[in-house]
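Inspection log for the structure reproduced underneath, given as structure tokens.
The values are calculated or read from the model by the stated rules, or taken from the named source; none is laboratory data. Here the structure is a predicted model, which is why all the values come from computation and not from measurement. Glycine gets a Cβ as well: all are built from the backbone with ideal geometry, and neighbour counts include every protein chain shown. The protein model used for the area step is the full one, side chains on, heavy atoms only, and it has no ligands, DNA or RNA in it. Shrake-Rupley method; radii C 1.70, N 1.55, O 1.52, S 1.80 Å.
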Amino acid sequence: MVQYWKVSWHHDFTEEPVTLFSEIGEGGYETRKVQEYRDGRLLRTDGSDETGDIGLSEVPVGHMSDVSAQPEFSASTITEGDFEAVWSAAEADQAPCRLPDLQGG
């Protein structure tokens, strides 16, 4: 069963993402990911175009409760439609852009 996660990362690092949107497939592995940065920049990957700035996790992501138990993260599920809206917003040019309004939070 495919899951869609939104994970907020609470930190003060200027060059690290503040929100991670993940599509999680079979075995708990990320199949697509979008990273949102403080400046509004969005980076995305499906594993075919990984860079030093973004890549899919090489290990299963585990349980959301384990992620949420870490004080630097807040995790929630989102709908497939919300993930697809974020994925589409993160198109190729990587210029800062506004995230779409998410229906599920």
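Points worth noting:
- Cα pair count fraction exceeding 17 Å, expressed as % - the chain: 50 percent
- Radius 13 Å from Cβ of G25, net charge of other residues (Lys, Arg +1; Asp, Glu -1): -3
- Carbon/sulfur fraction of accessible area - the chain, other protein chains in place, 1.4 Å, %: 49 percent
- Contour excess over end-to-end distance, with Cα ends at T79 and T31 and 0.36 nm allotted per residue: 15.7 nm
- Based on DSSP H segments of at least four residues, each scored -39500 (n - 2.57), the chain has a per-residue ellipticity at 222 nm of -3500 deg cm²/dmol.
- Once exposed loop GluC sites (Glu not before Pro) are cut out (DSSP; at most 11 other Cβ, 10 Å), longest piece of the chain: 16-57
- Over the Cα atoms of the stretch 1-53, the radius of gyration divided by the Kirkwood radius equals 0.99; this is the Rg/Rh ratio.
- Model label points for F13 and H63, set 7 angstrom from Cα along the Cα-to-Cβ axis, are 2.6 nm apart.
- Among S22, S48, the sequence by solvent-accessible area, most first, with a 1.4 Å probe is S48, S22.
- Given +1 at the Cβ of Lys and Arg, -1 at the Cβ of Asp and Glu and no other charges, the dipole of the chain around its Cα centre is 240 debye to the nearest 20.
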